[in-house]
Amino acid sequence: MNDDSLAMPPAPNPTADPADRPFTEVNGRVYRHPRQPVAVICADGCGPEYLEAAIAHGVAPTLGRMSRDGFHATARAVVPTFTNPNNISIVCGAPPSVHGISGNYYLDRRTGREVMMLDEAQMRADTIPGRLSQEHVRVAVVTAKRKLRLALARGLRGIACSAEDPAEAFDLINEGRPFASAPDKYSADLSLFVLDAGIRLLERRAADLIYLSLSDFVQHAHAPDTPEALAFMAALDARVARLTMLGAIVGIVADHGMTDMSHADGSPNVVFVQDVLNAAFGHGSTRVICPITDPFGRHHAALGGFVRVYAQQDGVAAGDVVRALQDVPGIEAAVVGADACDRFDLPLAEEADVVVFAEKGVALGAGAADHDLSQLAGQRLRSHGGPAEQAVPFLLSHPVTASYAARASGGLWTYDIFDYALNGVVA
């Protein structure tokens, strides 16, 4: 990295009055169209401790400068703290009660089928990138994970691609240049591909608003102060530096944090909720769904800090399930679904009879037979899903107005990042 990467990025045009810019309303919020390129990065799984470790070890000078001279706060991720609910909240600028997505995986009550979310079918709100693209803003969405591409690009008239489909991505972003090989989805390269794609889009002046959604492979596999995590943060930092030097306002947020959920000997620390309920009420009386489930099994073996329980037989009520789980070691709380919706702004119509949260450092599963722990390949289980992983960094490359800084003192959410990047930066 050269010394230029440490310089302050170009400031927004001081003669451009934000009130003179066109605007678009999305889900009850007004978003000004960008006056210079804006890149929003979702650094998947990057809890505050990763940022802190990288800055402390001196491997992230750009992120350190942003935290000092731009804007830096700690925000809350939506619960459950999974990839889909938070990424979709970010691009919608709204909580799950508005857009309808509260997991990566869910039970369709009408059919009794378990369904993995791989597209926009369950969404019921517009996205900020989609709506702005319909108002002649040049927009691009680049994701690490194919599963997110269709949902995040809902309504988009622009570029949408995934690092899991690199040939298509390069055709869209890199003017058809050949790509030698796909990045391994279980590597840092998947995220770096996304960041490099964003850089290429700005170099080509092909987009004015970019959303870059990364993978949390590194955070699942490595603690914040390990060489592997620090190397990834250094690579992230170098690419953020390049984005700012290309004239972009850069906003960075994470979709969730990450917690070690292993015993001292390295084995997973898991409560298998389905087995507990089978012992209490009999087989077939309840059905436990793990909403973290997705195509990236090696990340977490479908184990996280949050599960849903559906009563399957008459005579087993939500209150019975709550009482059966409330004193189980490792379970922080079992909550009736309607109460969880009120507490966490979740869509009521899709909620389970009971939602269950783990204590910090504990994972929840369905039955022991339902999880292939060999997928962890001998590594410590590091995962997410509950309130313990809500705290995430919220960074902007530029300062924000006094009114936006004051708002932040009352608390920020992951889904505030587009508002701050488009409306809040000092003009």
*Filtering segment 128-151 down to residues that are open to solvent by 70 Å² or more (accessible area, probe 1.4 Å) and part of a loop (DSSP other than H, G, I, E, B), which residue is farthest from ARG205 (Cα to Cα)?*
GLU135
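So which residues in segment 69-85 are part of a helix (DSSP H, G or I) and open to solvent by 20 Å² or more (accessible area, probe 1.4 Å)?
Quick first cut of segment 69-85, residues part of a helix (DSSP H, G or I) only: 69, 83-85.
If the condition is that a residue be part of a helix (DSSP H, G or I) and open to solvent by 20 Å² or more (accessible area, probe 1.4 Å), then ASP69 is the only one that fits.
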*Tell me which residues, restricted to segment 24-33, are under 13 Å from VAL137 (Cα atoms) and open to solvent by 30 Å² or more (accessible area, probe 1.4 Å).*
ARG32
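I need a count of the residues in segment 70-128 that are among the basic types (Lys, Arg) and touching a strand residue (DSSP E or B) at 6+ places or on another chain (Cβ under 7 Å).
In the first step, residues of segment 70-128 are kept if they are among the basic types (Lys, Arg); the result is 76, 109-110, 113, 124.
Going one step further and asking which of them are touching a strand residue (DSSP E or B) at 6+ places or on another chain (Cβ under 7 Å), we end up with 76.
Result for segment 70-128: 1.
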*Look at segment 230-288 and say how many of its residues are touching a Cys at 6+ places or on another chain (Cβ under 7 Å) and among the aliphatic types (A, V, I, L, M).*
2
*Go through segment 47-65 and give me each residue that's open to solvent by less than 10 Å² (accessible area, probe 1.4 Å) and assigned to a loop (DSSP other than H, G, I, E, B).*
GLY47, ALA60
_I'm checking my understanding of the structure. Among residues of segment 86-114 that are part of a loop (DSSP other than H, G, I, E, B) and in contact with a Ser or Thr (Cβ under 7 Å, 6 or more places away or on another chain), which one is surrounded by the most Cβ atoms within 10 Å (Cβ to Cβ)?_
ASN104
*Scan segment 250-293 for residues that are touching a Gly at 6+ places or on another chain (Cβ under 8 Å), of a type in the set (D, E, K, R) and surrounded by 16 or more Cβ atoms within 10 Å (Cβ to Cβ) and jot them down.*
ASP255, ASP275
*Is it true that some residue in segment 408-415 is in contact with a helix residue (DSSP H, G or I) (Cβ under 7 Å, 6 or more places away or on another chain) and either of a type outside the set (D, E, K, R) or closer than 24 Å to ASP320 by Cα (or both)?*
yes
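Looking at ASP255, ASP184, can you tell me which residue is part of a loop (DSSP other than H, G, I, E, B) and at pLDDT below 95? So that I can check it myself, show each step before the final result.
Numbers: ASP255 fails: at pLDDT below 95.
Answer to the check: ASP184.
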*Restricting attention to segment 187-208, which residues are open to solvent by less than 10 Å² (accessible area, probe 1.4 Å) and either part of a loop (DSSP other than H, G, I, E, B) or farther than 12 Å from VAL142 by Cβ (or both)?*
ALA207
*asked:* Could you tell me how many of the residues in segment 236-286 are among the small types (Gly, Ala, Ser), under 28 Å from LEU303 (Cβ atoms) and out of contact with any helix residue (DSSP H, G or I) (no Cβ under 6 Å at 6 or more places or on another chain)?
replied: 9
*Residue match in segment 115-127 (condition: outside any loop (DSSP other than H, G, I, E, B), acidic (Asp, Glu) and modelled with pLDDT under 95)*: no
*Set ALA368, ALA406, ALA421, ALA333: member being in contact with a strand residue (DSSP E or B) (Cβ under 8 Å, 6 or more places away or on another chain), at pLDDT 95 or above, aliphatic (A, V, I, L, M) and over 21 Å from CYS92 (Cα atoms)*: ALA333
*Which pairs do you get when a residue that is hydrophobic (A, V, I, L, M, F, W, C), found in segment 389-409, comes within reach of a residue that is open to solvent by 30 Å² or more (accessible area, probe 1.4 Å), reach meaning Cβ atoms under 6 angstrom, with the pair 6+ apart or on two chains?*
ALA391/THR74; LEU395/HIS72
_Some residue of segment 388-396 being modelled with pLDDT of 95 or more, farther than 30 Å from ALA229 by Cα and buried (at least 19 other Cβ atoms within 10 Å of the Cβ)_ = no
*In segment 220-233, is there at least one residue being closer than 19 Å to ALA43 by Cβ, buried (at least 18 other Cβ atoms within 10 Å of the Cβ) and of a type in the set (Ser, Thr, Tyr)?*
no
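The values are calculated or read from the model by the stated rules, or taken from the named source; none is laboratory data. If you're wondering where the values come from, they're calculated on a predicted model, not measured in any experiment. Every residue, glycine as well, gets a Cβ built from its backbone with ideal geometry; the counts of neighbours run over all protein chains shown. Ligands, DNA and RNA are stripped out before the accessible areas are found, and what is left, the full protein with its side chains, is counted by its heavy atoms. Shrake-Rupley method; radii C 1.70, N 1.55, O 1.52, S 1.80 Å.
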